[in-house]
Every structure is written in C-alpha cells, then in structure tokens.
Amino acid sequence: MKRILVTGGAGFIGSHLCEKLLDGGNDVICVDNYFTGSKDNIRHLLGNHNFELVRHDITAPYYAEVDEIYNLACPASPPYYQYNPIKTMKTSIYGAMNTLGLAKRVKAKILQASTSEVYGDPAVHPQVESYWGNVNPIGIRSCYDEGKRAAETLFMDYYRQNDVRIKIIRIFNTYGPRMNPNDGRVVSNFIVQALKGEDITIYGTGMQTRSFQYIDDLIEGMLRMMATGDDFIGPVNIGNPGEFTMLELAQKIIELTHSRSKIVFLPLPGDDPKQRQPNITLATERLGGWQPIVNLEEGLNRTIEYFKML
Ligand code: NAD
Ligand code: UDP
Ligand code: UDP
C-alpha cells in the first residue's frame, strides 16, 4: 500500500484519480481549497478508511509523509482561472514549489498536471513535446499558460538541482462526468445548454478545433506515467488525437441529446487557440502502448447521462 497525495483532489480529474487510487488499495490524501472543486465530487469516498480529505490552499506549505504526489490543484476553466488571475499564477507557482519541496524532503515521486496550453496558439500541428509553443506572455490566458510553463520549469530545476523524482504530463482537453455544470468549458456548456433547450453558444466562427479526451483514458495514462522508472520524466502529451471544430461538437451534442436548441455565435475571447491536436507517439511508446479507447460519441453519451442525472 502506498500513501499518495492528490492536490486538487476534489476537482473533476482529481476525484476520478482519488477513486482509482483507492480502488488500487492505496492510502489517499486529498488536499483542496474547493475553489472550483466540491465535496460532492468525493462524498462517496468519505466512508473509506484509506481516504483523508484536507481543506488546504496549496499556495501555503503543506507537510505529510507520502510516497507519491499528483499535483492537480489549479482552476482549469478560462472563466475561473481569469476570475482572479494573480491567484491562478500563485497557485501554479507556489503550489509547484511547495509540492516539490515536500517531494524533495520525503523523496516522493511527483507528477505535474501540465497542459496543452503550454503550446499556446500552436504554429506546429499536431503538437509534439519538443515544440516550445506560441504563448502570449501578457494576455488574458497568460496567468494560466505562463503559470503552467513556470511550473514545468520548477519541476525541471528541482530534478536537475535536487534529484527530485519528477513526471510531467501535458493534458489535452478532457471531459466527462463530474465536470462542474457551471464550469464554463465547452463540453459542459454545450451539454447543459442542449439539455435545457437553451441556445448553444459558439464563440467566434466555430471553426477553431480541439481534441477531446474522455476522463477514463486520461486517468489510465496518469497511472501509467507515475509507474514508469526514474529515467522517464516527460514531458509527455496525454490526449485523444480525434480533432473536431466547435461547430461539429455543437452539432454532435444536439444530435445525441435530441435537443431543439439553436446555435448562436458570440464574440471569440482573446488569444483563443485556433487548433489543438496531440501527437501521442511518445506516450504510446513509453507508457506500454497507452492510447485512448473511448471515442467522442461514447464519451459524450456517458457525460450526457451524468448531466441528466443532475
Ligand atoms: P477542476 O477545476 O475541476 O479541478 C481543480 C481543483 O483544484 C479543484 O478542486 C480546485 O478547488 C482545486 N484548487 C484550485 N486552486 C487551489 C489551491 N490554491 N489550493 C488547493 N486546491 C486548489 O479542474 P480539472 O479539469 O479537474 O483540472 C485538474 C488539473 O488538470 C489542473 O491542474 C488543470 O490545469 C489540469 N488540466 C486539465 C485539463 C482538462 O481538460 N480538464 C487539461 C489540461 C490540464
Ligand atoms: N515545503 C512544504 N512541505 C514540505 C517541505 C517543504 O510545503 O514538506 C515548502 C517549503 O515551505 C518551501 C517550499 O516547499 O517554501 C520549497 O522547499 P525547498 O526545501 O525546496 O526550499 P527552501 O525551504 O529551502 O526554501
Ligand atoms: N467555447 C465555445 N462556447 C462555449 C465555451 C467555449 O465556443 O460556451 C470555445 C472556446 O472559445 C474554445 C473552445 O470552445 O475555442 C474550447 O474552450 P474550453 O474553454 O473548453 O477550453 P480551452 O479553450 O481552454 O481549450
């Protein structure tokens, strides 16, 4: 049995990860300040003796004796990370520093949930890990993008300077049950709008693309990455290469929910990336043949069922 710390464990991804780690017979400490996460996401785990829930803000130091750390604490949806951009940057940077300090002290393995946002509005397509990205340092997305880039830098420097056992994964757009219905991200927005019969809000022309990964595929990739030897630190892309325009996504969701919602077009927010698709060759090679297995329609159906239940 391993003792594992998950920061941001009450969020969308974190709650699925905590659940999977407990299923694997581990002892899990979930640290969260509930900014975008919720106790509802992990309520079903509270009766498990191997699960511990701690209300704590990761910008402050945290002490525990653990074998592994998954650092997920950070709002991920643009409206939330832009709500208090200074706090977003603090969470990325102080959060990385404190969890790395902890990992260094107790010699734990530590995995950083980085993001495809480090590629910005990418000039290389699909995105490979060796691409340095095209990020605006002074725009409205910068608090998140540059915060996550700085966190990667800290991870690499703790590795080079202090021999900390790091892992960096770059997660591409992920969706599934337990996304907050008011989260503001595209998949949850469109499904909630379709189910309520409200207008589906496409920002811009809808010709921008994203590649959507179902949550279960991500969790499998994360666990495989943590299990790799100390010689593989990443960064490694974890995502589904299936690429769609936002217009195609809206049409698919209308079809699957049998909705009568109309599509409306709203202004595009600043610095919105035009395209996004992971090259997952490295993940497949280094993570034992890992590749996504849930296609968009199947994943959307499972997510629609969840939102109907709410
Ligand atoms: P989420 O907003 O549901 O989860 C983030 C969690 O972190 C929430 O529970 C929130 O309350 C917590 N948190 C935020 N600031 C904190 C702080 N200062 N101290 C303690 N806890 C704090 O988002 P998610 O989609 O589950 O994302 C989890 C991680 O994965 C984030 O780091 C995000 O950047 C990364 N990621 C997600 C995606 C995606 O598509 N979902 C893509 C790339 C990267
Ligand atoms: N830290 C932490 N928990 C620990 C060990 C360290 O939160 O178990 C914090 C510590 O307070 C510091 C940060 O992690 O702010 C970085 O720690 P490190 O040892 O690298 O730096 P130093 O303490 O020497 O500045
Ligand atoms: N988007 C949209 N309508 C919405 C929410 C988002 O058209 O109601 C667009 C958004 O402008 C972006 C894409 O969908 O082009 C993905 O947005 P999301 O916030 O989910 O992720 P990110 O932009 O961070 O990849």
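For T59, are the conditions met, namely being closer than 23 Å to E220 by Cβ, at pLDDT 95 or above and either buried (at least 19 other Cβ atoms within 10 Å of the Cβ) or touching a Lys or Arg at 6+ places or on another chain (Cβ under 8 Å) (or both)?
Working: closer than 23 Å to E220 by Cβ: no; at pLDDT 95 or above: yes; either buried (at least 19 other Cβ atoms within 10 Å of the Cβ) or touching a Lys or Arg at 6+ places or on another chain (Cβ under 8 Å) (or both): yes.
No: the conditions fail for T59.
Filter segment 259-281 down to the residues that are surrounded by 18 or more Cβ atoms within 10 Å (Cβ to Cβ) and among the aliphatic types (A, V, I, L, M) and list them by number.
The one that is surrounded by 18 or more Cβ atoms within 10 Å (Cβ to Cβ) and among the aliphatic types (A, V, I, L, M): I280.
Give the residues of segment 109-141 that are without any contact (Cβ under 8 Å) to a residue 60 or more places away in the chain, of a type in the set (G, A, S) and either over 21 Å from R286 (Cβ atoms) or in contact with a helix residue (DSSP H, G or I) (Cβ under 9 Å, 6 or more places away or on another chain) (or both), sorted by residue number.
Listed by number, the residues that qualify are A123, G133.
Listed residues I58, I29; which is farther than 25 Å from D272 by Cα and assigned to a strand (DSSP E or B)?
Sole residue among the options that is farther than 25 Å from D272 by Cα and assigned to a strand (DSSP E or B): I29.
Considering only segment 283-310, how many residues are under 19 Å from L256 (Cβ atoms) and part of a helix (DSSP H, G or I)?
Of the residues in segment 283-310, 14 are under 19 Å from L256 (Cβ atoms) and part of a helix (DSSP H, G or I).
What pairs can you find where one residue is in segment 231-260 and touching a residue at least 24 places away in the same chain (Cβ under 8 Å), the other is within 16 Å of ligand 2 (Cβ to nearest atom), and their Cβ atoms are less than 6 Å apart, with a gap of 6+ or different chains?
These pairs meet every condition: I233/I166.
Being under 19 Å from E129 (Cα atoms) and buried (at least 19 other Cβ atoms within 10 Å of the Cβ) is the filter; apply it to segment 236-258 and report the residue that is farthest from ligand 2 (Cβ to nearest atom). Reasoning before the result, please.
Quick first cut of segment 236-258, residues under 19 Å from E129 (Cα atoms) only: 236-243.
With buried (at least 19 other Cβ atoms within 10 Å of the Cβ) added as a condition, the list becomes 236-240.
Values: V236: 24, N237: 28, I238: 26, G239: 30, N240: 34 Å.
So, considering only residues that are under 19 Å from E129 (Cα atoms) and buried (at least 19 other Cβ atoms within 10 Å of the Cβ), the one farthest from ligand 2 (Cβ to nearest atom) is N240.
Based on what the data block shows, is P75 within 16 Å of ligand 3 (Cβ to nearest atom), outside any loop (DSSP other than H, G, I, E, B), more than 20 Å from I110 (Cβ to Cβ) and at pLDDT 95 or above?
no
Name the residues in segment 95-141 that are more than 20 Å from the chain's Cα centre (by Cα) and surrounded by 20 or more Cβ atoms within 10 Å (Cβ to Cβ), would you?
The answer is L102, A103, A108.
Among the residues of segment 83-139 satisfying the criterion of being within 16 Å of ligand 3 (Cβ to nearest atom) and among the hydroxyl-bearing types (S, T, Y), which is farthest from T59 (Cα to Cα)?
Y119
Looking for something at pLDDT 95 or above, within 10 Å of ligand 3 (Cβ to nearest atom) and of a type outside the set (F, W, Y) - is there at least one such residue anywhere in segment 210-228?
Yes, segment 210-228 has at least one match.
Given G221, G234, G206, which one is in a loop (DSSP other than H, G, I, E, B) and either away from ligand 1 (no atom under 15 Å from the Cβ) or within 24 Å of D23 (Cα to Cα) (or both)?
After applying the criteria, what remains is G206.
So, in segment 163-187, how many residues would count as being more than 8 Å from ligand 3 (Cβ to nearest atom) and not in a strand (DSSP E or B)?
The number of residues fulfilling the criteria is 11.
The values are calculated or read from the model by the stated rules, or taken from the named source; none is laboratory data. Computed from a prediction, not measured in an experiment: that's the story for all the values here. No Cβ is skipped: glycine too gets one built from the backbone with ideal geometry, and neighbour counts run over all protein chains shown.
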